[in-house]
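The values are calculated or read from the model by the stated rules, or taken from the named source; none is laboratory data. Given the structure is predicted, the values throughout are model-derived calculations rather than measurements. Backbone-built Cβ (ideal geometry, glycine too); neighbour counts: all protein chains shown.
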Amino acid sequence: MKLSEILDVENPPPVQPTQSTTTTSAPVAPQAPQVPAVVVPDVSASANNDAVADANEARNTTRQLIAQGNQAVLEMLALAKDLKTPRAYEVAGNLLKTMAELSQDLMAVHLQEATLVNPDDVPAGNVNIGTAVFVGSTAELQDIIKLKREQAKKAIEAKKVIEINPLTGLPANTAA
């Protein structure tokens, strides 16, 4: 089975050497087949400055790439299974990795569009806090710790038992 049949592509027709008018004995390089011109739309800053439209275009392009890539992955896995060569499996693995990156890019487009349209409504992301004791700066934390220590000292001092001398009626540590 030929690779061109598996990938459903046609082989280009063989290039016929052209006769040269010169009589040199140097071989003439075959000319490459003509490739049709690709029309590239104007994407300059002055053409379209709408973030939502750009995000929609990026989303559509990424979705088209994902659809084409899914088909390519299926075909490459079938080819790798038939060929049973390490290189074929390596290429299939790289294609799978690229498809995963495209999916992440699609999600990034959604998040970027959300930040451009409504910067205040941006989700904070995955936040997993086991035990949050304090959220703030270290200076604020030190102030709170100092305040708590002072309050603890005052509470301890208030709870101290004052021994009173029964003869004088004064605290036992003071002299009369």
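Take the conditions (1) at negative phi; (2) modelled with pLDDT under 90; residue 91 misses just one of them, which is (2).
Can you tell me which residues in the stretch 57-72 are in contact with a helix residue (DSSP H, G or I) (Cβ under 9 Å, 6 or more places away or on another chain), aliphatic (A, V, I, L, M) and at pLDDT 90 or above?
65, 66, 72
Taken together, the residues in the stretch 121-176 that are modelled with pLDDT of 75 or more, under 53 Å from the mean Cα position of the chain (by Cα) and part of a loop (DSSP other than H, G, I, E, B) amount to 2.
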